[in-house]
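**Q** What follows is a structure written as structure tokens; I'll ask about it next.
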Amino acid sequence: METLSLLGVALGFATLSGINLYLTTFLAGMAIRFNWVNLADKYESLTILENPWIIGVAGVLFLVEFFADKIPWLDSGWDAVHTFIRPIGGSLLALAALGEMDPAVSVIAALLGGGAALVTHATKAGGRLLINMSPEPVSNTVASLGEDGLVLGGLGLMAGAPAVAFFVFLAIVIFAAWLFRRTWAVIREGWKARQNRKNKSQA
């Protein structure tokens, strides 16, 4: 059960980082610093997140993302910039949750953590592109607030039931991978249709 709990927290950090790295880091750091959660000894390595500099930088970047994430097409540009940042951040947070490990296991954990973060990031980015193809801007705000709510709920689950969180986040990653394929297929079809209409209008 202890191993499952560790994996639940690690996978949770990786998955949520792909959605909103800065909010995940900021809230986790605040929760640890102000004792909103009591860390068990096995999570001692996560105390690094209570560093004021980490909390401050994550908080400022979250504020920037909070507004950028709600503006059509600017949100997609922000996602493009974070294609590498979120997976790397997810890997680092997952490794911090797992603590000291054999170097080979650490590399595998980093790859898996980065992969989980990349899947959720790509699914989010694809969903935003799909939303931006529609003419109305309200859905961007709704999607952004929904993603922030998912991060809040995910962190709460990790704190309250880390072993259960492992299975929940595993299901989320699997679903996100399926949704990613479907979303980008729709985007490709929409782009082709738009190009065809453009070519016909120029003919």
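The values are calculated or read from the model by the stated rules, or taken from the named source; none is laboratory data. Quantities reported herein were computed from a predicted structural model and do not represent experimental measurements. All Cβ positions, glycine included, derive from the backbone under ideal geometry; neighbour counts span all protein chains shown. With ligands, DNA and RNA removed, areas are computed over all heavy atoms of the protein, side chains included. Shrake-Rupley method; radii C 1.70, N 1.55, O 1.52, S 1.80 Å.
**Q** Just add up the charged neighbours of Gly99: K/R +1, D/E -1, any other residue whose Cβ is under 11 Å from the Cβ of Gly99.
**A** Spelling it out: positives minus negatives among the neighbours equals -2.
**Q** Now, a different point. Check cross-link reach from Lys70 to the aspartates and glutamates: straight Cα distance under 14 Å, and skip same-chain residues fewer than eight apart.
**A** Correct list for Lys70: Asp79, Glu136, Glu147, Asp148.
**Q** I need the phi-derived Karplus couplings for segment 84-92: 6.51 cos²θ - 1.76 cosθ + 1.60, θ = phi - 60°, integer Hz, Gly and Pro marked x.
**A** 9, 5, 5, x, 5, x, x, 5, 5
**Q** A follow-up question, please. For Val64 paired with Ile174, estimate the spin-label separation in nm (one decimal), with each label point 7 Å from Cα along the Cα-to-Cβ line.
**A** For the pair Val64/Ile174, the computed spacing is 3.8 nm.
**Q** Students often check this: by mean Cβ neighbours within 10 Å, which of 49-59, 97-107 ranks highest, and how do the rest follow?
**A** 49-59, 97-107
**Q** If you don't mind, there's one more thing I want to ask. Relative to the longest principal axis of the chain, what angle (0 to 90°, nearest 10) does the C-alpha long axis of helix 2-33 take?
**A** On a 0 to 90 degree scale, this one is about 60.
**Q** To continue, here is another question. How large is the dipole of the chain about the Cα centre if only Lys and Arg carry +1 and Asp and Glu carry -1, each at its Cβ, rounded to the nearest 20 debye?
**A** 1240 debye
**Q** Apply the Karplus parameterisation 6.51 cos²θ - 1.76 cosθ + 1.60, with θ equal to phi minus 60°, to every residue of segment 54-69 and state each ³J(HN,Hα) to the nearest whole Hz, in sequence, with x for glycine and proline.
**A** For segment 54-69, the Karplus curve yields 5, 5, x, 5, 4, x, 5, 5, 5, 4, 4, 5, 4, 7, 4, 6 Hz.
**Q** Same structure again: When only C-alpha pairs under 8 Å and at least 6 residues apart count, what is the relative contact order of segment 1-84, in percent?
**A** 26 percent
**Q** For segment 1-113, what is the accessible area per residue in Å² when the probe is 1.4 Å?
**A** Roughly 51 Å² per residue, with all protein chains present.
**Q** Now a separate question. For Asn35 and Arg188, what does the FRET efficiency come to when R0 = 41 Å and r is the distance between their Cβ atoms, rounded to the nearest 0.05?
**A** So, using R0 = 41 Å, E works out to roughly 0.25.
**Q** While we're looking at this one, here's another question. Cut-off 10 angstrom, C-alpha nodes, Gaussian network model of the chain. Which of Ala94, Ala177, Ala116 fluctuates the most?
**A** Highest fluctuation of the listed residues: Ala177.
**Q** Which of the three applies to segment 109-163, rounded, prolate or oblate, going by the alpha-carbon gyration tensor with a ≥ b ≥ c and a/c under 1.5 meaning rounded?
**A** Because a/c hits 1.5 or more and a/b fails to exceed b/c, segment 109-163 counts as oblate.
**Q** Using only Cα atoms and rounding to the nearest 10 degrees, what angle (0 to 90) does helix 138-160 make with the longest principal axis of the chain?
**A** 20 degrees
**Q** With the chain treated as a Gaussian network of Cα nodes joined by springs under 10 Å, which of Ala176, Ala143, Ala40 yields the largest mean-square fluctuation?
**A** Ala40
**Q** Return the carbon/sulfur percentage of the accessible area of segment 64-193, one whole number, probe 1.4 Å, all protein chains in place.
**A** Roughly 81 percent of what the probe reaches on segment 64-193 is carbon or sulfur.
**Q** Moving to a separate point now. Taking the Cβ-Cβ separation of Val142 and Ile54 as r and a Förster radius of 41 Å, what is the calculated FRET efficiency to the nearest 0.05?
**A** My answer for the efficiency is 0.85.
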